[in-house]
Amino acid sequence: MRSDLMKKGTGRIPHRALMKATGLTDEELSRPIIGVVNSQNEFIPGHIHLDTIAEAVKAGIRMAGGTTIEFPEIGVCDGIAMNHDGMHFSLPSREHIADSVEIMATAHPVDGIVFIPNCDKIVPGMLMAALRLNVPAIFCSGGPMLPGKVNGKAVALTDAFEAPGAIEVGKKDEKYGRDIEEYSCPGCGSCAGLFTANSMNCLTEILGMALPGNGTIPAVYAERVRLAKHTGMKIMELVERDIKPRDIVTEKSIHNGLVADMAMGCSTNTILHLPAIAHEAGIKIDLKDVNNISDAIPHLVKINPAGTHFIVDIYEAGGLSAVLKRLDSYGFIDTSVMTATGKTMAENIADTVILNDDVIRTKETAYSQTGGLAVLWGNICPDGAVVKRGAVLPNMLVHEGPAKCFDSEEECIEGLMAGKVVDGDVVVVRYEGPKGGPGMREMLSPTATLAGMGLDSTCALITDGRFSGVSRGASIGHISPEAASGGLLRLIQDGDIISIDIPNHSLELKVSPEEIAKREAEFVPHKLKEVSSFLKRYRSIVTSASEGAILKVEE
């Protein structure tokens, strides 16, 4: 056993003495030791209840004959960190999470690991750690939040972020704002739509790193606790059979993940996280392959904010197993892949029944015959840019308009509130990329303000930053190379015509090469903001969004 490194033999007398100081017995030390990584904290609604999940996981481990040792992990709530300096730390926390799990699980070698995440960067950070360590591992998330209800209508965090803009232009009143504040997020769980947290929890299950139900069983259901107990029992089987993360996360399973991503229209953040996760497994994702998949896969599931359904509706329609069953029926996925159940995906979904053909549609009734995400190319983004195509209004899939430029998210919000953006504009938000931000902040507040003001039907927004899964509209992010790395984005001026053609994967600045060369020669470098020592280190080694914003150091 791997844990023998710290507990077996005469030379480990001091190690055993220290472990016995924690209350462990000889009997417990003789069993496989399973690390339980718990990201519970009292800031994040998706994590407030994770101690309950951890206790259930530990009960399952003990029932199956293992010994549990729990250790903590940090977590940032992107919603609370939004639109202030806190958002600079969200994406960098992904790398910190992966590093800190590696540190803990190497300094204290365990035989297996159960990861308990739920939100935003915590899920991909833990997946990166699992693949880096390649010790038998399994995930059990905290589960999705149920939607709230205001004036008889189901609501979620999307409505809360769009409320300020709607109130600002008089479309909604202050009472509506108070009701949304009180009822849009009714309790624990990852926010109810297909935002980044639920996108990543769903993809964790689809990649095979969690038991069926991980992505969709609501946080408040007893079934979630039972899932946690079964997860604890299952890790013991994975340890016994020596099934490791890299046996599960392969090129085939990542392809399955991208297919499901397109069929469901997940958060654009998945195109940032999947390459980083794949990198830890020694696999490279080419953004051009993403478009090839997206162009071939129909958009079968449309969840808030793109649609009117919520994660609980997928659960009631048969869960992700039903989504996979539908995709398999068309030959879109490879179900021979191994999963954390110890069985193949084909075995997992063999008896699955699709319970709602409106929530999980057929090819014939699909929302579109192409996937929910798309990568764009052009002189603005020669290394790519990403858009949630399934959340773009049909009339905005092709758009041409004058640029309205802002050098930060804060400038953009001020400009929107001051009425500087008008119908037809293409809003440009730059110096918000991995290096320029630094930390590649989510531009949810600008997109939500545009939507709340009713401008999402006539205006687009492009940025080298990224978007929350809550964002909707013609919101194009991850522009690479970013402005701070010499990208063309930094040379765009107010009034320049920008052409967007999402069906043809195009994003172009309609300015002559001669004028671009003139601006390049006259350009005065933008002064990047002063940041903390942590963010300075991050800025110095982070790569482009087109590479997943992974960290690279000279060897």
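The values are calculated or read from the model by the stated rules, or taken from the named source; none is laboratory data. Keep in mind that this is a model prediction, so the values were computed, not measured. As a convention, Cβ positions derive from the backbone with ideal geometry for all residues, glycine included, and neighbour counts pool all protein chains shown. Accessible surface areas use protein heavy atoms only, side chains included; no ligands, DNA or RNA. Shrake-Rupley method; radii C 1.70, N 1.55, O 1.52, S 1.80 Å.
For (1) over 17 Å from the mean Cα position of the chain (by Cα); (2) at pLDDT 95 or above; (3) open to solvent by less than 20 Å² (accessible area, probe 1.4 Å); (4) among the β-branched types (Val, Ile, Thr), each residue gets a yes or a no:
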{"residue": "Asp242", "(1), (2), (3), (4)": "yes, yes, no, no"}
{"residue": "Leu258", "(1), (2), (3), (4)": "no, yes, yes, no"}
{"residue": "Thr268", "(1), (2), (3), (4)": "no, no, yes, yes"}
{"residue": "Ala278", "(1), (2), (3), (4)": "no, yes, yes, no"}
Take the residues in the stretch 341-375 that are under 25 Å from the mean Cα position of the chain (by Cα) and of a type in the set (Gly, Ala, Ser); name whichever of them is nearest to Lys325 (Cα to Cα).
Ala366
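Conditions (1) part of a helix (DSSP H, G or I); (2) of a type in the set (Asp, Glu); (3) crowded, with 21+ Cβ neighbours inside 10 Å; (4) touching an Asp or Glu at 6+ places or on another chain (Cβ under 6 Å), marked per residue:
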{"site": "Leu227", "(1), (2), (3), (4)": "yes, no, yes, no"}
{"site": "Lys234", "(1), (2), (3), (4)": "yes, no, yes, no"}
{"site": "Glu237", "(1), (2), (3), (4)": "yes, yes, no, no"}
{"site": "Asp261", "(1), (2), (3), (4)": "yes, yes, yes, no"}
{"site": "His273", "(1), (2), (3), (4)": "yes, no, yes, no"}
{"site": "Gly282", "(1), (2), (3), (4)": "no, no, no, no"}
{"site": "Val290", "(1), (2), (3), (4)": "yes, no, yes, no"}
{"site": "Asp295", "(1), (2), (3), (4)": "yes, yes, no, no"}
Mind listing just one residue for me: the one in the stretch 413-435 that is of a type in the set (Val, Ile, Thr) and over 25 Å from Ser485 (Cα atoms) and, of those, surrounded by the most Cβ atoms within 10 Å (Cβ to Cβ)?
Val421
Unmet criterion (only one of (1) closer than 21 Å to Pro305 by Cβ; (2) crowded, with 18+ Cβ neighbours inside 10 Å) for Ile138
(1)
Has the stretch 323-333 got at least one residue that is farther than 24 Å from Leu274 by Cα and either polar (S, T, N, Q) or in contact (Cβ under 8 Å) with a residue 40 or more places away in the chain (or both)?
yes
Condition met for Ala322 (over 22 Å from Asp120 (Cα atoms) and in a helix (DSSP H, G or I)):
yes
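Residue-by-condition table, conditions (1) surrounded by 14 or more Cβ atoms within 10 Å (Cβ to Cβ); (2) touching an Asp or Glu at 6+ places or on another chain (Cβ under 7 Å); (3) farther than 30 Å from Leu373 by Cβ:
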residue	(1), (2), (3)
Leu507	yes, no, no
Glu514	no, no, yes
Glu522	no, no, yes
His526	no, yes, no
Leu535	yes, no, no
Arg539	yes, no, no
Thr543	yes, no, no
Ser546	yes, yes, no
Ala549	yes, no, no
Residues located in the stretch 182-225, provided they are surrounded by fewer than 24 Cβ atoms within 10 Å (Cβ to Cβ), among the hydroxyl-bearing types (Ser, Thr, Tyr) and touching a Gly at 6+ places or on another chain (Cβ under 7 Å)
Tyr183, Ser184
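Only one residue in Thr370, Thr365 is surrounded by fewer than 24 Cβ atoms within 10 Å (Cβ to Cβ), in contact with a helix residue (DSSP H, G or I) (Cβ under 7 Å, 6 or more places away or on another chain), hydroxyl-bearing (Ser, Thr, Tyr) and in a loop (DSSP other than H, G, I, E, B), so which one is that? First the steps, then the outcome.
Details: Thr365 fails: in contact with a helix residue (DSSP H, G or I) (Cβ under 7 Å, 6 or more places away or on another chain).
Just a single option satisfies the conditions, and that option is Thr370.
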So the check is Cβ under 8 Å with 6+ separation or different chains; which pairs have a first residue in the stretch 163-183 that's in contact (Cβ under 8 Å) with a residue 40 or more places away in the chain and β-branched (Val, Ile, Thr) and a second one that's open to solvent by 100 Å² or more (accessible area, probe 1.4 Å) and part of a helix (DSSP H, G or I)?
Ile167/Glu174
Helices (runs of 4 or more DSSP H) enclosed by the stretch 29-112 - at least 1 residues per element that are open to solvent by less than 20 Å² (accessible area, probe 1.4 Å), among the polar types (S, T, N, Q) and in contact (Cβ under 8 Å) with a residue 12 or more places away in the chain:
90-107
Looking across the stretch 380-406 at residues that are at pLDDT 95 or above, open to solvent by 10 Å² or more (accessible area, probe 1.4 Å) and part of a loop (DSSP other than H, G, I, E, B), the single one that is nearest to Met264 (Cα to Cα) is Leu397
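Regarding Lys288, is this residue over 24 Å from Val470 (Cα atoms), at pLDDT 95 or above and over 16 Å from the mean Cα position of the chain (by Cα)? Break it down stepwise before answering.
Values: over 24 Å from Val470 (Cα atoms): yes; at pLDDT 95 or above: no; over 16 Å from the mean Cα position of the chain (by Cα): yes.
No; evaluated as a whole, the condition is false for this residue.
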For Arg132: the one exception among (1) out of contact with any Leu (no Cβ under 7 Å at 6 or more places or on another chain); (2) closer than 29 Å to His299 by Cα:
(2)
Within the stretch 59-87, can you find the residues that are modelled with pLDDT under 95, more than 14 Å from Ile44 (Cα to Cα) and either of a type in the set (D, E, K, R) or in contact with a Cys (Cβ under 6 Å, 6 or more places away or on another chain) (or both)?
Asp85
